[in-house]
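Presented below is the structure to which this report refers.
The values are calculated or read from the model by the stated rules, or taken from the named source; none is laboratory data. None of these values were measured; they are calculated from a predicted model. Glycine gets a Cβ as well: all are built from the backbone with ideal geometry, and neighbour counts include every protein chain shown. Side chains included, ligands, DNA and RNA excluded: accessible areas come from the protein's heavy atoms. Shrake-Rupley method; radii C 1.70, N 1.55, O 1.52, S 1.80 Å.
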Amino acid sequence: AADGEFTQHKVKLATGVVDDLISGYYPGEALLALMRVYELDPSPRWLDAAALGANWLIEVRDKGVPTDQLNHDHWLLYALNELYQERPSALLLDHARRIVTAMLDTQLLDPPFEDWYGGWYVPPRTTPVATRAEGLHAAYAMLAVDGTAEERAAIRTAVERAIAFELQTQFMPESAMYLDDPQRVLGGFHGDLTTFEVRIDYVQHNLSALLAHLRMISQ
């Protein structure tokens, strides 16, 4: 829309019927897509659209929302980071800081079971942990120049905890050996500590978080 809002979040391909779903995460994903298109085709059109959409999310959708009620939106953090590299602004940086605070304040640091440490939700699941790690790494890149040492240290500590939790949910020889076909699952990530289902999005988000962490510790 002219004000930057994404008004159609889900459309049935076969009929063109617009679903009434309004997702808390699709707009951030769309902004990231615009930034990736801009990377391939550096037309101001894509950058302007991404900036307009980000401004709407920050100044309309999330305006007045308490920090502890913000979506832990890794897609938006990805997009804000890439937009910030092109058009730095306090608006983008401050909103990223709010999302980071919402994430850090809810990480499990005193769980009833030791292997829940560093996760999110009760019980913690691997994909929510991985997506938050992705978002925190993107925010870290934003704060690399304009943030404080304390902010960066807090993020590094949080993502180290998250990565440690994630690795508990990867099928390695010592856990895969209990399954009928260990070789089939080896290396995959299962849904949580007690669920052995493997899905493509579980694997994708965990890999993305691990790759982001590799870049962080290599710098």
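Of note:
- Solvent-accessible area per residue in the chain equals 55 Å², computed with a 1.4 angstrom probe and all protein chains kept.
- Overall, the accessible surface of the chain at a probe of 1.4 angstrom is composed of carbon and sulfur to the extent of 56 percent.
- With each label modelled as a point 7 angstrom along the Cα→C-beta vector, the VAL122-LEU40 pair spans 4.5 nm.
- Using R0 = 22 Å, the C-beta based FRET efficiency linking LEU109 and THR195 works out to 0.45.
- Local electrostatic count at GLU134 - Lys and Arg +1, Asp and Glu -1, tallied over other residues with Cβ under 14 Å: -3
- Take the convex hull of the alpha carbons in the stretch 1-88; its mean projected area over all directions comes to 6.6 nm².
- Based on the convex hull around the alpha carbon atoms, the chain presents an average projected area of 14.9 nm².
- Spherically averaged projected area in nm², based on the convex hull that wraps the Cα atoms of the stretch 48-112: 4.8 nm²
- Rel. contact order, % - alpha carbon contacts under 8 angstrom, at least six apart, the stretch 1-152: 21 percent
- Helical runs (DSSP H, four residues minimum) scored at -39500 (n - 2.57) apiece and divided by the length of the chain put the mean residue ellipticity at 222 nm at -18000 deg cm²/dmol.
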